[in-house]
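Input: a single structure, listed below in structure tokens.
Computed from the coordinates by the stated procedures, all read-outs in this text should not be read as laboratory data. Please read these numbers as outputs of a predicted model, since none were measured by experiment. In this analysis, Cβ positions are derived from the backbone assuming ideal geometry, glycine residues included, and neighbour counts consider all displayed protein chains.
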Amino acid sequence: QVQLVESGGGWVQPGRSLRLSCPASGSIFSRYALNWYRQRPGKQRELVATITGGGTTKYGDSVKGRFTISKNNAKNTVYLQMNSLKPEDTAVYYCRTSIGTKDYWGQGTQVTVSS
């Protein structure tokens, strides 16, 4: 069983930064890809960033150059560094991993970007 727990969300002004964290139970970080998703108000959940077991990263077009996904295998934690935040980044952010046929999601953390 894998448990994911996001933290680090909150309110921030446009142009500022936040870092989200997602520690996970179980030794999954060196073996499986980890994702950050978000769900903006009135929108479907969308993939923000992915980091593979080997450390390769990929980003959604709307966050390229502003967000960075990383992980610390020793701490079993994945991070999302969000810079130059915009009001349209306002969303609930989720971390996710998929092992075999099972998807595991955290409960989400709210990020609000407004002045």
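See the values below:
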| item | result |
| --- | --- |
| Longest site-free stretch - the chain; sites: trypsin sites (Lys or Arg not before Pro), DSSP loop, at most 14 other Cβ within 10 Å | 76-115 |
| Whole-number percent relative contact order across the chain, with pairs defined as alpha carbons under 8 Å at least 6 apart | 37 percent |
| Förster radius 25 Å - calculated FRET efficiency between Arg16 and Thr56, Cβ distance, rounded to 0.05 | 0.35 |
| Sequence-distant lysines (8 or more away, or on other chains) whose Cα lies within less than 25 Å of Lys102 | Lys43, Lys58, Lys71, Lys75 |
| Residue-span extension gain [Glu46 to Lys75] - 0.36 nm each, minus C-alpha spacing | 7.8 nm |
| Size of electric dipole in the chain: Cβ of Lys, Arg +1 and of Asp, Glu -1, about Cα centre, debye, nearest 20 | 120 debye |
| Stretch gain in nm, segment Gln110-Lys64, where the contour uses 0.36 nm per residue and the Cα spacing is subtracted | 14.5 nm |
